[in-house]
Every structure is written in C-alpha cells, then in structure tokens.
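None of the figures in this text is laboratory data; all of them are computed from the coordinates on show. Predicted model, so just to flag it, every value in this text is computed and none were measured. Please note: Cβ atoms are built from the backbone with ideal geometry, for glycine as well, and neighbour counts cover all protein chains shown.
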Amino acid sequence: MRIFVTGIGVISAIGRNVAENLHSIKSLRTGIRKSLEYKLMIGEVPLSNEQLVQILNLPDEDFSRTTLLALPAAKEAWGNNKNDSRIRTGLISSTSVGGLDRTEKYYSHSQTTKTNDHYSLMIHDNGSTTERLAEELGISGHISTISTACSSGANSIMQGARLIEGNKLDRVIAGGSEPLATFDIKGFHSLNIYDKEICKPFDEKRMGLNLGEGAAFLVLENGQSISITGNKPICVLCGWNNATDAFHQTASSPDGKGAYLAMKNALAKAGISPDKIDYINAHGTGTGNNDLSESMALKNIFGNTLPSFSSTKGFTGHTLAAAGAIEAVYCTLSLVSQAILPNLNFSTPIPQTGLVPETHFRSLKIDYVLSNSFGFGGNCTCLIFRKY
Amino acid sequence: MTKNIDSSSELVTPDYSEFIPAMDRRRMSHVQKMSIACALDCLQQAKIEQADAIIVGTSMGCCINTKNFLDKILDAKEGPVSPTSFIVSTHNTIAGQIALLMKNHGYNMTYTQNSLSYEQSLVDAILCCAEGLMNVLVGGTDEEEDSIYNMRARLKDDKILETSGASFFIVSNTKSKTGAVNLIDAGSFGLVKNTYETAVEFLQANNTTAHEIDIVLYALSGKSSLNELKSVFGAEKLFDYQEITGTYYTNSAFAMHYAIDILSNQPHPIFAEVKTVLVYNNLIPENLGLILLGTKNE
C-alpha cells in the first residue's frame with residue numbers, strides 16, 4: 001500500500017508558512033537570533049501569542065502556545081480538505097512542552113502571590129493541546145499525542161502511516177508542535193550543550209545546540225481517500241522505523257546503534273538499498289555527542305558512498321518535539337524542488353569521520369530522501385520519502 | 001473480597017530492590033519505580049527475556065521530576081541548576097528506562113492523551129502484533145501530583161480521590177501456555193458526541209453486541225450519566241472500577257488487569273460465568289476508551 005503525502009504546513013523561526021521557509025533555506029538565512037529575555041541564541045517564531053490569536057481569529061481565551069503554533073501549520077497542511085464520513089480521519093500531534101508554557105507562568109506566579117489559576121493548570125497535560133487543535137480542525141475520533149522527546153514529530157508521522165497501512169484510518173494529519181519554554185532552555189543549558197553562538201552541525205568546533213520553536217504537519221492519505229478528496233500527491237512516505245539506542249538516558253552510544261537500526265529497518269521497509277538515497281536530512285543538533293554518533297551510524301549504513309547530507313538545525317534551532325515534523329516537511333521540499341538543502345556554519349569536518357555536509361542549496365535529481373530524528377531515552381526514528 | 005478505596009487507603013508498594021539496582025533506585029521518582037517494577041515482573045511472569053516492543057501510556061509522565069526542575073529554576077534564579085531532574089522529565093523517560101535496564105533495542109513508544117493514553121498504547125500494541133511482532137510490553141502509568149495540574153477542575157468533579165498506579169501487560173500475537181485471556185480489541189475515541197453510539201459501533205465491528213457483554217467495568221465523571229449506560233448494558237452488569245482504583249488518567253489499565261483476573265479465575269467469587277468483559281473508560285466526558293476482553297478459549 002502506498003501512503004501519499006498530500007498536504008504540508010510549517011511555521012518556524014524562518015517562516016510562517018511553507019513558501020517562507022523554502023525561501024529562507026534557498027537564501028541561506030538563519031532564524032536564530034540573540035534573545036534579550038534569555039541572553040542566548042534561539043530560533044523564535046517572531047509572533048507573540050496575542051498576535052497568533054489575532055491572525056487565527058480565535059476566541060479570547062488562554063491558549064497554550066503549543067496549540068497556537070500548531071494551528072497555522074495544521075491549517076496550511078489541511079488546506080481545503082473536508083470531513084467526509086467515507087474517509088476515516090485522524091489527528092496525531094506530538095509535543096514535549098504541551099501546556100507547560102502556561103504552567104510555567106502560573107507556577108512562577110504562585111510562588112509570590114499564591115493565587116490559583118485553575119484554567120492554566122487544566123491545560124498542563126500534552127493531550128489537551130492536541131484536543132484544542134482537533135476542535136479547531138473539526139476532527140473527532142482518533143486524536144492522539146505522542147511524546148518521545150526530540151523524535152516525537154517523526155514518530156507521529158510514522159504512526160499516521162502505520163494506522164493507514166493497518167487499515168485503521170484512511171487519512172491522517174500528523175506532525176508536532178513545540179513552543180520555547182524556560183524549562184527546556186534552562187534544562188539544555190544545565191547540560192552544558194547550549195552553544196553561545198549559532199550552532200555548527202557536523203563541524204569539528206561545534207559547541208552544542210540552540211533551541212528553536214515551531215510546528216509542522218503533513219496530510220497522509222491512502223489511495224481510497226485520494227479517490228474521494230481528489231488531492232494531488234506531493235510525494236510518498238515509503239519507509240519508517242523506530243529503534244532504541246539503550247545506551248544512556250540522554251547521550252547517544254559511540255557507534256549510534258539505535259540510529260543504525262532505525263535507518264537499516266526503514267530502508268528495509270522501503271524495500272531499497274542504501275545507494276538509492278539521494279539526500280539525508282540528518283538529526284545533526286550540533287552537540288559533540290550527537291553529531292559524532294550520528295556520523296558513525298551514517299558511515300556504518302552507507303559505507304564510503306554517503307549521499308549528500310545536511311542538518312537544517314542551523315536555520316531553525318532544535319525544535320525538539322516539532323523537529324521531526326518540520327524536517328519531514330523540508331524533505332518533501334527537497335523532493336519537490338529537486339534540490340539538496342544546505343547545512344549552515346560548517347567549515348571543518350569532524351576528524352574521526354571526515355564527513356562533509358552540503359553547504360549550498362544545490363539542484364540534483366532526487367528520488368529518495370531520508371530523515372533522522374533522535375531523542376532522550378535513546379529513541380531513534382527514521383523516515384524515508386519517495387518522489388511521486 | 002475487594003475493598004473499596006477511601007482517603008485512608010495507602011498505595012501498595014512492592015519491594016523495589018527485587019527489580020531495580022540500588023544506584024538507579026535512589027534517583028528514580030515514584031512513577032519510574034512503579035512502572036519499571038511492573039514491567040519487569042510482567043516479563044518474568046510471561047517468561048520472556050526480551051520484549052519486541054515497549055509501549056507506555058501516561059498522561060502526566062514524570063510530573064514530579066518536572067515539578068522538581070521547575071522548583072530548581074525558580075530557586076536558582078539566574079544561577080546554575082543541576083540537570084538531574086531535567087533529563088528524567090520527558091514523558092518517554094519511563095519507556096526509555098525500561099529499555100535501558102533490559103538493553104532492549106526494539107520499538108519504543110509513549111502516548112500521552114490524558115484519559116486515553118493507555119487505550120492508544122493498546123491500539124498500537126495490537127497494530128505491532130498485526131505487523132508480526134511476537135511480544136509487546138504495554139502499560140499504563142501515572143503518579144499523583146496536584147501542584148502543576150488540577151485534575152478536579154479538568155474533570156469538573158470535586159469528589160474524585162486522586163491516586164497513582166501502574167499496570168503492565170504482555171500482548172502477544174501467538175497463544176501461549178502462560179497466556180491469560182484474549183484481548184479482542186481496543187479503541188480510543190476523542191471528542192465524541194455520542195459515547196454510547198460509539199461503543200455500540202465498536203462492539204458491532206467486533207461481531208458482538210451490548211447484550212453479549214457479561215461485565216462492564218466503567219469509569220465516569222462529572223456530567224456523564226450512569227442511567228444511559230444502564231439502559232445500554234443493563235444495570236446488573238456494571239461495576240465502577242474507580243471504587244477500587246481511585247482516579248488517575250491511566251486507571252483503565254488497572255481495570256484491564258481486573259478484567260483479566262475475572263476472566264482467568266472462572267468461576268470468579270464475585271463475577272461468575274463471565275466470558276466477555278468490556279472496559280468502558282469515559283472518565284473525561286467527551287473521551288471514550290474501550291477495551292474488549294474474552295476468555296482464552298473464545
């Protein structure tokens with residue numbers, strides 16, 4: 001069975017929609033800037049909650065930014081799709097912050113004034129942010145939230161494909177949303193893996209990651225659904241896998257075993273050999289540990305004939321639970337534009353591996369694209385997209 | 001006899017030293033310890049060395065670790081903070097640590113959809129089995145924490161007794177000697193308008209009817225009406241599992257455990273001659289979780 005991608009939507013530090021994101025990538029323009037609030041480099045979506053509420057024409061209520069970022073991306077992907085009783089439709093979103101952005105506000109507030117903001121405390125859980133999104137899209141039934149740290153977005157897309165393949169659903173809108181949270185900024189800073197400058201994925205002198213925020217969604221459909229919707233396929237999602245590194249709670253193993261297994265099994269699922277892959281959108285966070293471990297896994301899969309690869313985190317920052325979804329949209333853009341996406345701020349290869357990422361937006365015949373996403377808990381996911 | 005829960009009840013805690021090394025144990029929060037002990041006990045009972053997949057449903061995840069890190073940030077103001085509770089604050093810490101302890105490199109997933117987190121994990125476990133995986137470790141787990149989440153406000157119910165709990169199972173695609181019951185199907189339905197209609201359709205899809213269900217283990221809250229449930233299934237079949245578990249978002253996993261006890265211990269002292277049990281989780285009025293179980297021979 002073929003799983004068609006028929007809709008894409010994205011909001012990130014480099015654009016409010018697909019066209020703006022692609023334009024920034026083509027122009028090699030990063031969205032990472034110095035934040036006055038945090039005094040760190042972050043990839044912020046330059047719209048306040050109030051502005052998002054206004055743009056989205058939403059009622060005056062206390063939304064989590066997780067929902068406010070998800071909505072423009074989900075609506076862009078959903079486009080003119082309509083609910084139809086003949087098409088079993090589901091919504092799968094991913095987030096690790098959930099309503100924590102509201103909890104942070106309430107919780108810090110309560111330390112000084114001891115007031116109880118009951119509403120904010122009701123939307124702390126991740127699931128409620130997805131339910132609010134489903135309400136706006138008019139979707140009921142299969143509404144699901146996945147939270148596997150930084151691989152969440154890729155997992156939600158994988159689950160969409162599995163539910164369609166398993167004949168549970170015909171059409172799924174799948175993706176993820178993550179706002180910046182003080183919790184995560186302080187957390188990654190406390191781990192000493194936060195680069196003071198803009199991150200340098202796969203560079204010898206990389207000093208860590210920058211956090212970013214955003215959301216992205218894909219509409220996935222089976223052939224039966226397409227015959228009703230008349231939607232035109234953008235590309236095909238043909239391979240997916242999730243595997244566990246089982247090495248350390250936060251660090252990746254030296255040989256990237258989990259990453260290796262996820263790529264190997266996703267290639268098997270797609271029924272192709274590694275040499276068919278034309279471009280890899282790497283996880284490439286810019287931390288010492290991730291980029292070395294991922295490079296080792298890439299070498300173990302592809303040997304000496306590694307296809308063109310890059311990390312796009314130098315544009316967006318690491319958007320955690322949204323990263324896999326944002327990068328899945330970028331993979332579809334690579335297929336549609338028939339071009340390799342660039343890696344920013346690279347100058348010197350890592351001595352142990354010598355891998356050199358692509359640093360320009362370059363035209364190339366592209367049939368297959370592979371995307372990696374890895375998270376805390378050793379959670380590794382790989383997706384493969386094919387040209388339609 | 002089953003004793004109903006009340007405010008004087010204490011959580012049953014096993015001797016965790018049997019399951020978790022001392023070094024790891026000291027660093028773990030309540031939800032981590034409960035879940036890991038359950039998961040490992042489950043694998044031992046099923047005599048399985050390695051699961052092919054690990055799936056966890058948890059609404060609040062590691063919320064005590066989350067609260068602890070929030071406290072540290074506030075206390076430290078601009079100063080340095082220790083990352084200890086941050087790195088174990090993600091929802092998938094539980095499934096990840098089970099894999100880490102077992103050195104398991106397989107599929108690892110975490111669902112967090114408030115009252116439907118466990119049912120979504122079961123739906124995935126059934127899908128994994130259909131895809132050819134042999135043994136899937138699946139569980140539902142949540143710990144009580146009321147300073148960062150107000151469950152009473154969310155459920156519009158001040159009378160609930162908030163508790164904690166973890167229940168884990170092995171779902172297998174092949175019959176085994178240790179197999180207890182037949183997991184017929186599971187369903188997760190969010191923002192549904194008519195929960196009873198949805199339940200009837202779910203039963204239809206599984207070639208059965210409300211009439212054929214012997215016992216319904218249910219959870220309702222707030223405005224949900226018990227009368228309608230009585231009219232669909234019959235009052236004599238209904239049993240409120242929250243009377244013994246108290247309220248946490250994944251307590252339907254406990255109900256599934258209770259259903260397995262009933263089905264695999266026939267004739268059961270309270271529920272005799274039972275062949276099928278439906279777990280009817282309508283804890284949040286617009287969300288419906290359904291788990292259909294039958295005796296082994298069915």
In chain B, what percentage of the DSSP-assigned beta bridges are antiparallel, given to the nearest 5?
50 percent
Taking segment A:265-350, the equivalent ellipsoid from its C-alpha gyration tensor has semi-axes in Å, biggest first, of 20, 17, 13
Once you've got the Cα coordinates, tell me which of A:Lys299/B:Lys103; A:Lys39/A:Lys299; A:Lys34/A:Lys387 are over 29 Å apart.
A:Lys39/A:Lys299; A:Lys34/A:Lys387
Using DSSP to define loop residues, name the trypsin sites (Lys or Arg not before Pro) in segment A:275-376 whose beta-carbon has at most 14 other beta-carbon atoms within 10 Å.
A:Lys365
Over 32 Å between C-alpha atoms is what I'm after, so list which of A:Lys105/B:Lys159; A:Lys168/B:Lys237; B:Lys67/B:Lys237; A:Lys105/A:Lys196 land there.
B:Lys67/B:Lys237
Considering only DSSP beta bridges where both residues belong to the protein assembly as shown, give the percentage that are antiparallel (nearest 5).
65 percent
To check my understanding: the extent here is largest minus smallest coordinate of the Cα atoms along each principal axis. What are those three numbers for segment B:16-172, in Å, largest first?
50, 40, 26
Using alpha-carbon coordinates, inclination of helix B:63-76 to the longest axis of chain B, degrees:
30 degrees
I'd like the projected area of the protein assembly as shown, averaged over all directions, using the convex hull of its alpha carbons. Report it in nm² with one decimal.
27.9 nm²
From the Cα centre of segment A:333-373 to that of segment B:249-298, the distance in Å is 52 Å
Once every DSSP H run of n ≥ 4 in the protein assembly as shown is given -39500 (n - 2.57) and the sum is divided by its residues, what mean residue ellipticity at 222 nm do you get, rounded to the nearest 500 deg cm²/dmol?
-10500 deg cm²/dmol
DSSP-assigned coil residues among GluC sites (Glu not before Pro) in segment A:207-306, each with at most 11 further Cβ atoms within 10 Å:
none
With angles folded into 0 to 90 degrees, how steeply does helix B:117-130 sit against the dominant principal axis of chain B? Use alpha carbons for both and round to 10.
70 degrees
To the nearest Å, what is the center-to-center distance of segment B:1-60 and segment A:43-70, using C-alpha atoms only?
39 Å
How big is the shadow of the Cα convex hull of segment B:181-295, averaged over all directions, in nm²?
6.4 nm²
Projected area, mean over directions - segment A:239-387, Cα convex hull, nm²
7.6 nm²
Can you compute 3J(HN,Hα) from phi for each residue in segment B:39-47, using the Karplus curve 6.51 cos²θ - 1.76 cosθ + 1.60 with θ = phi - 60°, rounded to whole Hz and x for Gly and Pro?
4, 5, 4, 4, 5, 4, 4, 7, 6
Residue by residue through segment A:251-264, what is 3J(HN,Hα) from phi via Karplus (6.51 cos²θ - 1.76 cosθ + 1.60, θ = phi - 60°)? Round to whole Hz and write x for glycine and proline.
8, 8, 5, x, 9, x, 4, x, 4, 4, 4, 4, 5, 4
For B:Lys177, counting only lysines whose alpha-carbon sits under 22 Å away and dropping same-chain residues fewer than eight positions off, the answer is B:Lys47, B:Lys275, B:Lys296
For segment A:3-229, what is Rg from Cα atoms divided by 2.2 N^0.38 Å, rounded to two decimals?
1.06
Can you tell which of A:Pro179, A:Pro46, A:Pro72 shows the greatest fluctuation in a Gaussian network model of chain A with Cα springs below 10 Å?
A:Pro46
Calculate one ³J(HN,Hα) per residue across segment B:242-257 by plugging θ = phi - 60° into the Karplus curve 6.51 cos²θ - 1.76 cosθ + 1.60, and present them in order as whole Hz with x for glycine and proline.
5, 5, 10, 9, x, 10, 8, 5, 10, 6, 5, 5, 5, 4, 5, 4
Enumerate by residue number the trypsin sites (Lys or Arg not before Pro) in segment B:208-246 meeting two conditions: DSSP loop (anything except H, G, I, E, B), and at most 12 other Cβ atoms within 10 Å of the site's Cβ.
B:Lys223
Which residues' amide hydrogens lie under 5 Å from the amide hydrogen of B:Gly57, considering only partners 5 or more residues apart or on another chain, with H built in the peptide plane?
B:Tyr111, B:Gly139, B:Gly140, B:Thr141
